[in-house]
Each structure stands twice: as structure tokens, then as C-alpha cells.
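The values are calculated or read from the model by the stated rules, or taken from the named source; none is laboratory data. Just so it is clear, the model here is predicted, and its values are computed rather than measured. When we count neighbours, we look across all protein chains shown, and the Cβ atoms used for this are built from the backbone with ideal geometry, even at glycine. Note: areas computed on protein heavy atoms with side chains; ligands, DNA, RNA excluded. Shrake-Rupley method; radii C 1.70, N 1.55, O 1.52, S 1.80 Å.
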Amino acid sequence: MTPVLVYIGADVAMDTIAWRIGEHSLELGNTPQGIRKALHLINRLKAPAQVVCESTGGYERLLLKTCWKKGQPISRVSADRVRHHAGAHGMLAKTDPIDARMIAHFGQTHQPAPTPQPSEEQTRLRELSDARSQLSEALLRMKSQKAQSDDAAAIKAFEKVVAVISSQLEKLDREIRTLVESQPAWLETARRFMQVKGVGWQTACSMLAFMPEIGTLEPNAAAALAGVAPFAMDSGKHKGKRIIRGGRPAVRKALYMASLSAVRHNPVFKDVYLRLRKAGKAKKVALTAVMRKMILLLNHLQRNPEFALSN
């Protein structure tokens, strides 16, 4: 008889992880020592086990790396999915131990597939791209604050910071280009994506970094993962506006910038945008529709390399 797989809930915070291991709840540090202690307790269950954690914006990275190194299966799942599951089962209270129990219950119910360990190159591309995104946002803030300042000393200080950030961005861009060009499959994918007018090098690299699954997904799954799938907000006779939510912010941001260019230079996307605007749709709604069509096209191009693109 095959042993029953036990799902372990791990509610990750910056400094701690609340665990649900079997029938026991405990809190340990989000440190190598704390995670190793939890894995030791999991091994004492004498049953196959799979850890489940939520995406937390990076706090879960140490847990993932440690589990992969130790050969412990682990699934990283969307926090929205866990919250919806909790609401459906009446688990409305919120404390760390309850969250850990909720995550374990989610795993037992939905049995998510283990999250595969990325290659060293994929991890490095993700971290370089993360750093570039954060520095780009910082650069915009510094330029905005400089433009609003009237004091000569303040303006000079901002100019120095802008120069430093700009220099670091150039270095990161070189690192990213060198890394992508060292991987023939990545370079081929980037070039394929750049056939779409409006999609440039940065957008292509963002897709490689933040959505490595692209090309393996069904259309609706690709849109949902990018955070551009519309969700209904209807109840009874009330028909609410469709909204987008969830997904990966970095992917959505890259699609947004590419779509701004596409509605100006790509006849296909421009036609979609203008048609929706003429139908009375708001600018953001029309642009979101373009973003959705763009991710579907990129996913299709990657799934079907022989597809001939004309735009």
C-alpha cells in the first residue's frame, strides 16, 4: 500500500516561518538553522511529505533553496489561491499558526505539483533583472525629486545619485545581455519575441527572467500568470466590472511598457486599442486588452516556433 503524502504548511515571514507539521504547529526562524530543524522534524514523520508555501515577494527564497538542496519536495503557490481556499472553507481568522494550517489544508486538498529547482543561470537572470527593476524605479524617483527641487545643493545631490544609479543600470544591462547571449535557447527566444513590434530587448529578457514557463502554458493560464486575465465581479443581477488581479507584477509591468509602444507602432495592436476606445472602453481597459493579446501571442510563438509572424 502506497503511503499517503503528507502536506506541510509553511507560512513565511521576513524573520520567521510558522509551520504545520502533521498535527503540530510551531514557529522557527527564517534562517538556515530554523529551516533545517523543521526539515528534521518532517523526516521524523516517517512518511513522504511535501512542503507548501506561498509566494511572499522573496522571503520564501531561503526555504526553497534549502528544500531543493536537501531533496525535500516543495510547492510555491499563489497567496490568492490559498486565501480563496480559506474563504471557501470558512477559515476566516488570521494568525500565523492558523495560516500555516490553512496552507497545509490547501496542499492536502489541491495537491499542487512540486516547484522545480531553476538552473543557476535562471536564478542569476532573475536576480539581475530584479535588481535592474528596483534601480529603474529608484532612478525615476530621483529624477522626479530633482525636478521638484529649487535648491541648488539638493539638485546637485540628486544629480550625483542619478549618475551613480545610471552607471549601475548600464552595468546590469551588460551582465544581463552577456548572460542571455551565453544561452542559445534564450537568445533564440528573445529574438523570436522581438519580431513582435513593440517588444524590445528589455521586455524579452523580462519574459525570460520572470516567466520561464512561457510556451508551456495554455492561453488562459498564461494570461492569469501574467496578471492580465479578467475576473468577473458579478453577483445575482449585479454585473460588476471585470478586473485583473494576481499574477506576476514584473511580467505585467514589462507587458505594460511594451503595449504602450505597440499601440503606436504595431498595426494589429493599434487596431485592437482604437476599436475598444471607440466602443467606449477606458484607456486602461483597452491597454489591458492589448497586454493580454500580447502575452497570448508570445506564449503561442514559444509553443509554436514554426509559426510565421506578420505584423
For segment 1-82, what is the percent of antiparallel DSSP beta bridges, rounded to the nearest 5?
55 percent
Quick check: at a probe of 1.4 Å, how many percent of the accessible area of the chain sits on carbon and sulfur atoms?
55 percent
Give me the extension gain from LEU169 to SER144: residue separation times 0.36 nm, minus the current Cα-Cα distance, reported in nm with one decimal.
7.2 nm
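What does DSSP give for the chain in terms of the percent of beta bridges that are antiparallel, rounded to the nearest 5? Write out the running numbers ahead of the final one.
Working: 13 of 22 bridges.
Here the share of antiparallel DSSP bridges comes out near 60 percent.
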At a threshold of 8 angstrom on Cα-Cα distance, excluding pairs fewer than six apart, so keeping six or more, what relative contact order does the chain reach in percent?
12 percent
Give me the one-decimal nm value for the distance between modelled label points at GLU213 and ALA279, 7 Å along each residue's Cα-to-Cβ direction.
2.8 nm
Using Cα positions and a limit of under 30 Å, work out the lysines in reach of LYS37, with same-chain residues fewer than 8 apart set aside.
LYS46, LYS65, LYS69, LYS70, LYS94
May I ask you to derive the FRET efficiency for VAL161 and ASP130 from their Cβ-Cβ distance with R0 = 25 Å, giving the value to the nearest 0.05?
0.80
Of ALA282, ALA190, ALA147, which has the largest mean-square fluctuation in a 10 Å C-alpha GNM of the chain?
ALA147
Most fluctuating residue given options LEU217, LEU125, LEU26, as computed from a GNM of the chain linking Cα atoms under 10 Å:
LEU26
Tell me, in nm to one decimal, what length is gained between SER261 and GLN183 on full extension, where the rule is 0.36 nm per residue of separation less the Cα-Cα distance?
25.4 nm
Cut-off 10 angstrom, C-alpha nodes, Gaussian network model of the chain. Which of SER206, SER133, SER166 fluctuates the most?
SER166
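Sorting check: for 289-295, 66-72, which peptide has the highest mean count of neighbouring beta carbons within 10 Å, and how do the rest follow?
My ranking of the peptides, most packed first, is 289-295, 66-72.
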Checking the a/c ratio against 1.5 first, then a/b against b/c, what shape does the Cα gyration tensor give for segment 110-196?
prolate
Given R₀ = 25 Å, what would the calculated FRET efficiency be for ALA47 paired with LYS69, taking r from the Cβ atoms and rounding to 0.05?
0.70
Dividing the mean separation of Cα pairs under 8 Å (6+ apart) by the residue count of segment 135-223 yields a relative contact order in percent of 18 percent
Formal net charge of residues neighbouring GLN33 (Cβ-Cβ distance under 15 Å; K, R +1; D, E -1)
+3
